[in-house]
1. For Leu33, enumerate residues with amide H under 5 Å from its amide H, sequence gap 5+ or separate chain, H modeled in the peptide plane.
2. May I ask you to evaluate 6.51 cos²θ - 1.76 cosθ + 1.60, the Karplus curve with θ = phi - 60°, for each residue of region 32-46 and list the ³J(HN,Hα) values in order in whole Hz, giving x for glycine and proline?
3. Full extension from Leu31 to Gln50: what is 0.36 nm times the residue separation minus their Cα-Cα distance, to one decimal in nm?
4. By accessible area of protein heavy atoms, probe 1.4 Å, what ranking do Phe20, Phe78 get, highest first?
5. Compare the peptides 58-65, 107-114 by average per-residue count of other Cβ atoms within 10 angstrom and give them in order, highest first.
6. Just the number please: accessible area per residue for the chain, 1.4 Å probe, all protein chains included, in Å².
7. Counting only protein heavy atoms, what percent of the accessible surface of the chain is carbon or sulfur at a 1.4 Å probe?
8. Could you state how much accessible area Arg70 has, in square angstrom rounded to the nearest 10, with a 1.4 Å probe and all protein chains kept in place?
Amino acid sequence: MVLAEHAPGHITGFDIFPAFIDQFNNNATKLNLQDKVKGVVRSMDNLPFQDDALDLIWCEGAIYNIGFERGLNEWRKFLKPGGYIAVTESSWLTEKRPSKIEQYCLPHFPEMDTIAGKITQIQKAGYLPIATFVLPSVCWNDNYFTPMVKAQELFLEK
Ligand SMILES: C[S@@+](CC[C@H](N)C(=O)[O-])C[C@H]1O[C@@H](n2cnc3c(N)ncnc32)[C@H](O)[C@@H]1O
């Protein structure tokens, strides 16, 4: 919705869970963006686009579902010449980490690497890396982990 409010063009959003897409489409309607934004239930490994069709692919916190390198490689052809891809990926901010943290993260994110490693993968997949930045911790703490505590309580009650 933020993208739609700030960028021209049409936006198609994908998720495999119908309930998430229903909520996405409801949000679009509430913001009067329903003519510009459409949510579709579909897997990101089976996107319905022609080659050279898209100006921008935006995938926040989700490309890991099919793998960072795989997603980059498979989606490259959908972009128009001069198109952009913006992705977020869990990355190590240091060369060395406490082993406990590695042992926790790696089973969930086996492709987790340093930012430099991710940039190399981006370049190898045929893109020109333009910029990277680290999400502020507030994005995770205030917007994700804190609400998650409440959501888990409700879930356990159910
Ligand atoms: C961590 S969430 C991120 C969601 C959203 N981009 C955000 O920033 O809040 C990952 C999302 O990927 C969706 N997902 C998982 N596997 C998928 C697939 N194969 N194709 C499309 N979406 C998928 C999940 O249902 C979930 O909504």
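The values are calculated or read from the model by the stated rules, or taken from the named source; none is laboratory data. Just so you know, these numbers come straight off a predicted model, no measurement behind them. Using ideal geometry, Cβ is built from the backbone for each residue, glycine included, and neighbour counts are taken over all protein chains shown. Remember, those area values only see protein heavy atoms, side chains included, never the ligands or the DNA or RNA. Shrake-Rupley method; radii C 1.70, N 1.55, O 1.52, S 1.80 Å.
1. Excluding prolines and chain starts, which carry no amide H, there are no hits.
2. 6, 10, 4, 7, 10, 10, 9, x, 9, 7, 6, 7, 5, 8, 8
3. Working: separation 19, 0.36 × 19 = 6.84 nm, distance 2.91 nm.
Full extension of this stretch gives 3.9 nm more.
4. From most exposed to least exposed: Phe20, Phe78.
5. 58-65, 107-114
6. 73
7. Working: 6640 of 11510 Å².
The value for the chain is 58 percent carbon and sulfur by accessible area.
8. 100
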